[in-house]
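Structure first, commentary second.
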Amino acid sequence: MNNDPHSSPDYQPERIESEVQAAWAEKALYRAVEDPSREKFYCLAMFPYPSGQLHMGHVRNYSIGDVIARYQRMKGRNVLQPMGWDAFGLPAENAALKHGVAPAAWTYSNIDHMRGQLKRLGLSYDWSREIATCKPEYYRWEQWLFVQLFKKGLVYQKKAAVNWDPVDQTVLANEQVVDGRGWRSGAVVERREITQWFMKITDYAEELLADLDTLKDGWPEQVLTMQRNWIGRSEGAEVRFALRDQASVIKVFTTRPDTLMGVTYLALAPEHPLALAAAESNPALAAFIDASRHTQVAEAAIETQEKQGVDTGLRALHPLTGEELPVWVANFVLMGYGEGAVMSVPAHDQRDYEFAQKYALPIKPVIQPADGAQLPQDAAYTGPGILVNSGEFEGLPSEEAKQRITATLEAQDRGRKTVNFRLRDWGISRQRYWGTPIPMIHCKACGAVPVPEDQLPVMLPEDVVLNGPRSPLHDDSSFYQVDCPSCGATARRETDTMDTFVESSWYYARFACPDQDQKMLDERAAYWLPVDQYVGGVEHAVLHLLYARFFNKLMRDAGLLPSDAPHDEPFAKLLTQGMVLKDGAKMSKSKGNTVDPQALIDRYGADTARLFILFAAPPEQSLEWSDEAVEGAHRFLKRVWRQVHDFGGEIPPLPAALTTEAANLRRLVHQTIQKVSSNLDGRYHFNPAIAAIMELSNALSKAQDDPALRAVVGEGLKAMVQLLAPFTPHISEALWRTLGQSNELSFAPWPEADPAALERQTLNLVVQVNGKLRDRIEVPADAEEASIRAAALASPGAQRFLEGVSVRKVILVPGKLVNIVAS
């Protein structure tokens, strides 16, 4: 790099950036070291799936995180900013199948390529902490924790209704089913009963909900609301309906016990044990249950589909009246919610109403609107009111009736007050190959037995050939054929792998101690956690963040993290960035509107790419792509480069006394420092911060040719380079040297606004006559009111409009204007 202060070479971003990055790497400048004497700051952006190519969303996400990390570093904090790879999952497996390579080879090749792309952006990562979730040294500890949870009863196996993709041959989450089809394969999804492994996240539902209140100052309200809704706490009653002529009881959960006297039928989920038992002697019911396997299990889909059902022939007894009620199997009932059964009150639930209308079932109103309004004739009335047709509860308001009816059920041992959650236990089993092996062994004598800890990790074989979506683990006897750890008999290793959300649920903690080979986490995690600032897409607002919060509590309760309040949650603050749009649509290959970030960087440099994407829109809002704005960002950096090189030489000291012009320019310098600092300090309003720097550049450019202002211009250029450093680190580092600075800009102290410089020596005031602008005057900042009024009255502009009139009064608005009222 040419650091001759008297030369003024052209701005050559590729050369500058490569040399600056080489210097950073040589000095391991961004390697984080634990230091209890310093205030730590853990900045983390959601790590990428190694698809092989960065897209503009990556560039935006990681540039935002890097600005925050660099700013905090310059503020003197001990910063950790790591990077890794969310490397397991179905996309890698399908891509490997398409290209005829092993998923491991495909993944590692992509990681190498994307690592180079990220380094080209100049991101201040501690690459010594890099992790890939597909490496045994990572997933070993995931398996270890699974075993601990199994021993505690927090992991279990059961049959469950799932979305099954017949092409990809795996379970899909509800969010991965779009219009009844698999999100990747496009195949019509089936509903199947499959034995799955589950983590008991429901044991933490209350804490997960309550602790959202501790995040209200650091997380977007939208995300907190989405999490609350997903957990879905509801208070109500468990009601038990005895079956006629049987010892069985049907349990239902309802949030509306006040409508109990309006129940006219019960509805079971197709997978309910009583439904399956009844189907054995009921061909129509059996056919209906079989057909239901081709429907989704997502609540949203079930709410909108046509309501269908079959009468089981079973009859239940109303717990308070003894009335016989028909028991139906209905496609709108989920086995995973409550007990897989609902009490149907068609007069006061729209779903129940539509079903009753279709099958001519009774509709019995028991709630009358409190204002006496008529009940709707063609729909259910779902609001509260006064009870009618309800025997001893007649005339009670809904809220009081809920309490009275629940108490009556409890007294007769036919129900109880209870709390229910929408949140279901987390099904983590996946039937594909490229994932973390579940560390369990199935023995005919002993059942499910965990792999002994000294035999972990259960290694996933990487040198595989895929012949289709079927997992090769099913056919690899060297993998699945093992001896039972308990009895020594021949047994079978579990061939399901874990949902990749498991890997992404604890990576943030492993970054604190990635070289620890004796345990999952060590004391370094206690130092760095929680993450002070987490950055990522709002599309992860529910599942990833919820599972990460759950895992943090699991690790805390396993003794891996301290039990004090700061460590209850993994992410103290969350910033969710918006999408990158082009022509009003999200960038995607299918729309043909993508912009290759690599081509952009090759043409303009990483600093231009960063500056554009940070300046174009606030981080949380969507960003509209603009070629012109990219050109504008590049022109600005070229101008800054010329400004600093044209200045040349050392920055002279400020004189003891400044002229008015110099004082005004210095005030602008320190106002800019103040403005940029306030926009970066916790708020991360990047675009107004960058705009302020651009305004300062304009002002310094106009003043640069005046020798009397050289000291102030030099101070301003130095501050401008420091303020630009988080946004455009390469050009800033090079210009820092040009200004004669020898220390590393990345660790140079953030500039502080000088209070004395911010004080005005003079004030520019507007002079009005009868409310209209007539002149401007400059007065000493400490001028008394009488002298300001006199100066306003004497100003040439005011004098022209005061001839021949009388001045009635002079109104002074301090610091702004003088209004002369005349007639």
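The values are calculated or read from the model by the stated rules, or taken from the named source; none is laboratory data. As the structure is a computational prediction, the values presented were derived from the model and not from experiment. FYI the Cβ positions are ideal-geometry reconstructions off the backbone, even for glycines, and counts take in every protein chain you see.
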inquiry  = Name the single residue that is surrounded by the most Cβ atoms within 10 Å (Cβ to Cβ) among those in the range 786-823 being hydrophobic (A, V, I, L, M, F, W, C) and in contact with a Ser or Thr (Cβ under 7 Å, 6 or more places away or on another chain).
reply    = A822
note = Note on the range 531-580: residues small (G, A, S) and surrounded by fewer than 21 Cβ atoms within 10 Å (Cβ to Cβ) are G537, A558, G559, S563, A565, A572, G578
note = Residue pairs within 7 Å by beta carbon, gap of at least six or interchain, first lying in the range 375-404 and within 20 Å of A237 (Cα to Cα) and free of Cβ contacts under 8 Å to residues at least 24 places away in the same chain, second small (G, A, S) and exposed (fewer than 13 other Cβ atoms within 10 Å of the Cβ), listed first then second, are G385/A370; I386/A370; I386/G395
remark   = Given the conditions (1) more than 30 Å from A291 (Cα to Cα); (2) surrounded by fewer than 18 Cβ atoms within 10 Å (Cβ to Cβ), every one holds for V223 apart from (2)
ask   = Which one is surrounded by the fewest Cβ atoms within 10 Å (Cβ to Cβ) among residues in the range 114-139 that are among the acidic types (D, E) and within 26 Å of P457 (Cα to Cα)?
value = E137
ask   = When the residues of the range 140-188 are filtered to those that are assigned to a loop (DSSP other than H, G, I, E, B) and modelled with pLDDT of 95 or more, which remaining residue is surrounded by the most Cβ atoms within 10 Å (Cβ to Cβ)?
value = L154
message = So L758 passes all but one of these: (1) free of Cβ contacts under 8 Å to residues at least 24 places away in the same chain; (2) within 30 Å of P653 (Cα to Cα); (3) surrounded by fewer than 16 Cβ atoms within 10 Å (Cβ to Cβ); (4) hydrophobic (A, V, I, L, M, F, W, C). Which condition number does it fail?
response = (1)
query = Out of all the residues in the range 538-561, is one or more in contact with a Lys or Arg (Cβ under 9 Å, 6 or more places away or on another chain), farther than 26 Å from L90 by Cα and free of Cβ contacts under 8 Å to residues at least 12 places away in the same chain?
reply = yes
Condition broken by A756, with the remaining ones in (1) out of contact with any Phe, Trp or Tyr (no Cβ under 7 Å at 6 or more places or on another chain); (2) of a type in the set (A, V, I, L, M, F, W, C); (3) within 30 Å of G76 (Cβ to Cβ); (4) modelled with pLDDT of 95 or more satisfied = (4)
ask   = Can you find a residue in the range 548-557 that is over 19 Å from D203 (Cα atoms) and in contact with a helix residue (DSSP H, G or I) (Cβ under 9 Å, 6 or more places away or on another chain)?
value = no
ask   = Among the listed residues G395, G338, which satisfies the condition of being at pLDDT below 95 and either assigned to a loop (DSSP other than H, G, I, E, B) or surrounded by 20 or more Cβ atoms within 10 Å (Cβ to Cβ) (or both)?
value = G338
query = In the set A541, A509, A491, which member is of a type in the set (A, V, I, L, M) and over 28 Å from A448 (Cβ atoms)?
reply = A541
note = Per the filter on the range 349-362, residues in contact (Cβ under 8 Å) with a residue 24 or more places away in the chain, assigned to a loop (DSSP other than H, G, I, E, B) and surrounded by fewer than 17 Cβ atoms within 10 Å (Cβ to Cβ) are P362
query = Could we say that S590 is surrounded by fewer than 16 Cβ atoms within 10 Å (Cβ to Cβ), of a type outside the set (D, E, K, R), assigned to a helix (DSSP H, G or I) and at pLDDT below 95 here?
reply = yes
query = Quick check: is even one residue across the range 617-627 under 24 Å from V20 (Cβ atoms) and assigned to a helix (DSSP H, G or I)?
reply = no
Residues of the range 592-626 classified as more than 25 Å from the chain's Cα centre (by Cα) and of a type in the set (K, R), total = 1
task = Check C443, C513, C487 and return the single one that is over 30 Å from L623 (Cβ atoms), buried (at least 18 other Cβ atoms within 10 Å of the Cβ), free of Cβ contacts under 8 Å to residues at least 60 places away in the same chain and over 30 Å from the mean Cα position of the chain (by Cα).
result = C443
message = Can you tell me which residue is surrounded by the most Cβ atoms within 10 Å (Cβ to Cβ) among those in the range 368-383 that are closer than 12 Å to H348 by Cβ and either modelled with pLDDT under 95 or in contact with an Asp or Glu (Cβ under 7 Å, 6 or more places away or on another chain) (or both)?
response = A380
task = Please work out if S471 is touching a Lys or Arg at 6+ places or on another chain (Cβ under 7 Å), at pLDDT below 95, surrounded by 15 or more Cβ atoms within 10 Å (Cβ to Cβ) and among the polar types (S, T, N, Q).
result = yes
remark   = So the strands (runs of 3 or more DSSP E) completely within the range 727-817 holding 2 or more residues that are basic (K, R) and over 49 Å from the mean Cα position of the chain (by Cα) are 772-780, 807-813
inquiry  = Looking only at the range 637-677, count every residue that is surrounded by fewer than 17 Cβ atoms within 10 Å (Cβ to Cβ), of a type in the set (V, I, T), in a helix (DSSP H, G or I) and in contact with a helix residue (DSSP H, G or I) (Cβ under 8 Å, 6 or more places away or on another chain) and tell me the total.
reply    = 0
query = Is the range 324-333 home to any residue that is of a type in the set (D, E, K, R), surrounded by fewer than 20 Cβ atoms within 10 Å (Cβ to Cβ), within 44 Å of the chain's Cα centre (by Cα) and not in a loop (DSSP other than H, G, I, E, B)?
reply = no
